[in-house]
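One structure is given below, encoded as structure tokens.
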Amino acid sequence: MGRLVRRPAVDGWFTTDPVRLVGTRCTSCGTPYFPRNELACRNPACTGPKDGSELEEHPLSARGRIWSYAGNRYRPPPPHVAEEPFRPYAIAAVELEEERIVVLGQVVPGIGVDDLAVGMEVELTVGTLYADDEAEYLIWQWRPVNGASGASP
């Protein structure tokens, strides 16, 4: 059997080369959105047209700092798909470096809640959610930046 095609599990939410989340940004006031907002800027202070024309695709920061985190020890219900056997994983809410919005995502395998800390610098990477006969389905994940540690001082 040949190598499986690698594709995002959710189209349009992130790119894989380079790994970046893809959101939108208001061209009038600069407000960023993730997931994408294509209706109108929701910033009440924005003076833009509010008809959707003010929104443009915007690649988001690939780095940020952990705002909060938790462990997931139970298989999420459908429509979530997970590899067998299910392995617990950590989830981190990360405040993006430039946009200052918080984005939730899985943490790379091998890093548990005991390895994480609020304020820890992390970066985006790609991991496999699951594979079938057609493809390997990818998700974005957070990994500690080189040298970052969750150990208490």
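The values are calculated or read from the model by the stated rules, or taken from the named source; none is laboratory data. Treat the numbers as computed from the prediction; the structure is a model and nothing was measured. All Cβ positions, even for glycine, are placed from backbone atoms using ideal geometry, and neighbour counts span all protein chains on display. Please note that ligands, DNA and RNA were not included when accessible areas were found on the heavy atoms of the full protein model with its side chains. Shrake-Rupley method; radii C 1.70, N 1.55, O 1.52, S 1.80 Å.
Here are a few things to note about the model shown:
- Among residues of the range 124-143 that are over 15 Å from VAL107 (Cα atoms), those with a Cβ under 6 angstrom from a residue that is part of a strand (DSSP E or B) and among the basic types (Lys, Arg), sequence gap 6+ or separate chain, pair up as ALA135/ARG7; GLU136/ARG6.
- ARG25 satisfies every condition listed in (1) farther than 18 Å from TYR130 by Cβ; (2) of a type in the set (Lys, Arg); (3) assigned by TED's automatic domain parsing to the domain that holds THR125 except (3).
- Count of the range 63-111 residues, restricted to those that are closer than 30 Å to THR27 by Cα and open to solvent by 70 Å² or more (accessible area, probe 1.4 Å), is 7.
- Some residue of the range 89-102 being modelled with pLDDT of 95 or more, among the β-branched types (Val, Ile, Thr) and within 30 Å of ASP132 (Cβ to Cβ): yes
- Given (1) part of a strand (DSSP E or B); (2) closer than 18 Å to LEU96 by Cα; (3) in contact with a Leu (Cβ under 8 Å, 6 or more places away or on another chain), index of the condition THR15 fails: (3)
- One residue stands out among those in the range 39-60 that are aliphatic (A, V, I, L, M) and open to solvent by 40 Å² or more (accessible area, probe 1.4 Å): the one that is farthest from the chain's Cα centre (by Cα), which is ALA45.
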